[in-house]
Amino acid sequence: MKLAKLLTSAAVAAGLFAGPAAAEDMRIALVVKALGIGFFEAAAKGAEEAASELGDVEIIYTGPTDTTAEGQIEVINALIAQQVDAIAVSANDTDALVPTLKKAMQRGITVISWDSGVAEDGRQAHLNPSSNALIGNMIVKLAADELPEGGDVAVLSATTTSTNQNIWIEEMTKVLPNYPGINVVGTVYGDDLADKSYREAQGLMQSYPDLDAIIAPTSVGIVAAAQAVVDAGKVGQVNVTGLGLPSEMAGAIESGASKSFAIWNPIDLGYSATMMAYHLAKGDVEAAPGAEIEIGRMGSVTLDETGSAAMADPFVYDETNIDEFKSIF
Amino acid sequence: MSFVKSREAILLAAIVLLLGLIATRFPAFITPHNLASVYSDTTPLMILALGQMVVILTRCIDLSVAANLALTGMVCAMINVAAPDLPVGLTILIALTMGAALGAINGLLVWKLAIPPIVVTLGTMTIFRGVIFLLSDGQWINAHEMSASFTGFPRQVILGVTVMGWIGLAVALLMALLMARTALGRSFFAVGGNPHAAVYTGLNVGRAQFLAFVISGALAGLAGYLWIARYAVAYVDIAGGFELEVVAACVIGGISIAGGVGSVLGTVLGAMFLGIVKNALPVVDISPFWQLAISGAAILIAVAFNARAGRSKGRVILKSAEHAQ
């Protein structure tokens, strides 16, 4: 009697679950470096946007409370136990997560990394927020857009040996012929120190009195250069642009020292990572070099030989959207 | 000794020569307006060097000044964010007090536990940076979060020079008065020149060293507020490596690392020399790859000049015998 009742309720329960199972929501876990970081909260917002666009996706936004690989491993183990369909992770450590993520893939879970990647055997694909070529193009484009007549621009970099900045400047130099009239007069190095960057920016304005823009592809340099322009009373004359964070650059946009700058948009990044995980988990596309994956409103990305893809141009921040983003990251 | 032959005179001549050299490559550098701005820019270095001078005079060294500056600056910025309407005068008072307290930690460890100053201050340097990280969580405090009066005060221009520059001048004058006209100031020289003799004359060597660290700390705290307000940004790595520039300014200024020898004017000129080099390098169009080497060479040359100028000739005690040879 009791057994029968139990069986019935089990059957009913099974029936209840079976109903939606035909069109069961795909569960995509967005694992971030740590909870409570504005950048990742914004990425989660983007993931939710992708989910509502796709319709049959449920986002599990999770992560450890501090930025440790151990914390992420625990979180991922819990997700494996819950048998989620896909895991998209921004890793605290390139290698430490690999064994756990391998286990997840063995259980048939689709694993991708985004923002901060994991080693190749730990994931099927990786989504970079942008690429060196796109960044190199964007920083000169930002300066050129404000200078329709052309003009003199100078670069304020980090140290002479900073790999990222050197590659970006190299990529920028490559595309320079596409911006006729833009004349790069020099590159100086602020060593990512606020005071040295400030002094170098001051020096640029003295050495090149006709300078129209300073491009600083480093978050310390761009803030220091903007301050130097304000102090020199050259707002409106010298435009500071490059790569920076909205929270740090809000003052410079407000004062007018910087008309616009760029950095990845976390909302777009969360959105694209979700789209990518969805299509891979669905089997729409195989994660292999050369594979093209649709990422909704962001277009599509192509995986390179390491299984990595670049999402898009860095996102441009200016006075129209700075207030929205300055509290995010 | 006549002024013409003194270290200070040689250093002053070196500075004039340096300015002349720079002017041949970039004439606008020596306009009064630019020189005033170079002076303002050098003020934090000068203030820190004056504090460091006192410490070095007592045969100690303070490597934690830059970290002290960064920590005090961060705290000032955080207080400003929490209470934007706090008068600037009070902020400066907080900066001085907090800097002095941090310096007192160094001083107590050196005095009471007799740990070598270089070890103590290396330790506190790291601790101070760590504390900034704990306080700020690694986050920056940015220009738009600070109040206009907080960032504006050191920038106000009075008679062509910024308030920051005037504060530097006031500190230099006060230090000159302290070193020349007070028992405390003279005791720093005595303790560093010959600690044993100092003890026999009734001076407490440890106490003098403690007070030297407190003075250095207080000045670092003051410079902390000025720095944060000037560059309008506060984060963990502010003024990273600056302690070495401060020591370099002292050495160029003729402060003997062995203690007991040095002057306020020399320190001020030493800081100015370094400040001019730092400000000139970006405008004289020299490859950035050469800049570090050039600024290092400038320091060595200046020190070599000083060492030559300071070398004692040896005393001839038997004049008649010398002539007889």
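Listing for the model above:
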item: Per-pair calculated FRET efficiency, R0 = 41 Å: residue B:237 and residue B:16 via Cβ, rounded to 0.05; result: 0.70
item: Cα pair distances of region B:3-310 binned at 20 Å [whole percent]; result: 34, 58, 8
item: Simple label model, 7 Å out from Cα along Cβ direction - residue A:285 to residue B:25, nm; result: 5.3
item: Relative packing of A:181-193, B:218-230, which averages over residues the other C-beta atoms within 10 Å, highest first; result: B:218-230, A:181-193
item: Shielding of A:242-255 by partner chains, average beta-carbon count, 10 Å; result: 3
item: Within 10 Å of each Cβ in B:221-233, the average number of Cβ atoms from other chains; result: 3
item: Partner chain coverage, peptide A:224-232 - average Cβ within 10 angstrom; result: 3
item: Mean residue ellipticity (222 nm) of the protein assembly as shown, computed from DSSP H runs ≥ 4 via -39,500 (n - 2.57), nearest 500; result: -19000 deg cm²/dmol
item: Cα-based shape type of region B:86-227, given that a ≥ b ≥ c are square roots of the gyration tensor eigenvalues and the cut on a/c is 1.5; result: oblate
item: Mean projected area (nm²) of the alpha-carbon convex hull when the protein assembly as shown is viewed from all directions; result: 40.5
item: For region A:132-263, the fraction of alpha-carbon pairs in successive 5 Å shells from zero, as %; result: 2, 13, 24, 27, 22, 10, 2
item: For region B:1-55 versus region A:193-209, the gap between their alpha-carbon centres in whole angstrom; result: 19
item: P(r) tail fraction, chain A - alpha-carbon pairs more than 29 Å apart, %; result: 46
item: Global form of region B:33-158, assessed from the alpha-carbon gyration tensor, a/c cut-off 1.5; result: oblate
item: Among A:166, A:137, A:265, residue whose mean-square fluctuation peaks in a GNM of chain A (springs only between Cα atoms under 10 Å); result: A:166
item: Long pairs among A:259/B:278; A:196/A:326; A:45/A:102; A:45/A:259; A:234/A:259; A:259/A:326, criterion Cα-Cα beyond 21 Å; result: A:259/B:278; A:196/A:326; A:45/A:102; A:45/A:259
item: Segments B:63-69, A:308-314, B:29-35, A:232-238 sorted - mean Cβ within 10 Å per residue, highest first; result: B:63-69, A:308-314, A:232-238, B:29-35
item: Pairwise label distance in nanometres, residue B:169 with residue B:290, each label 7 Å out on the Cα-Cβ vector; result: 3.6
item: Candidates A:278, A:61, A:179, ranked by Gaussian network fluctuation over chain A, Cα under 10 Å, top entry; result: A:179
item: Mean Cβ neighbour count within 10 Å, used as a protection proxy, ranking B:280-293, A:37-50 highest first; result: A:37-50, B:280-293
item: Nonlocal amide H pairs with residue A:315, under 5 Å, H built at 1.01 Å; result: A:263, A:264, A:265
item: Euclidean distance between Cα centres, region B:60-100 to region A:92-142, Å; result: 41
item: Angle in degrees between helix B:7-25 and the longest Cα principal axis of chain B, rounded to the nearest 10; result: 60
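Quick note: the coordinates plus some simple rules give every number you see, no bench work behind them. Since the structure is predicted, the reported quantities are computational estimates derived from the model, not experimental observations. Cβ sites come from the backbone with ideal geometry, for glycine too, and all protein chains shown count toward neighbours.
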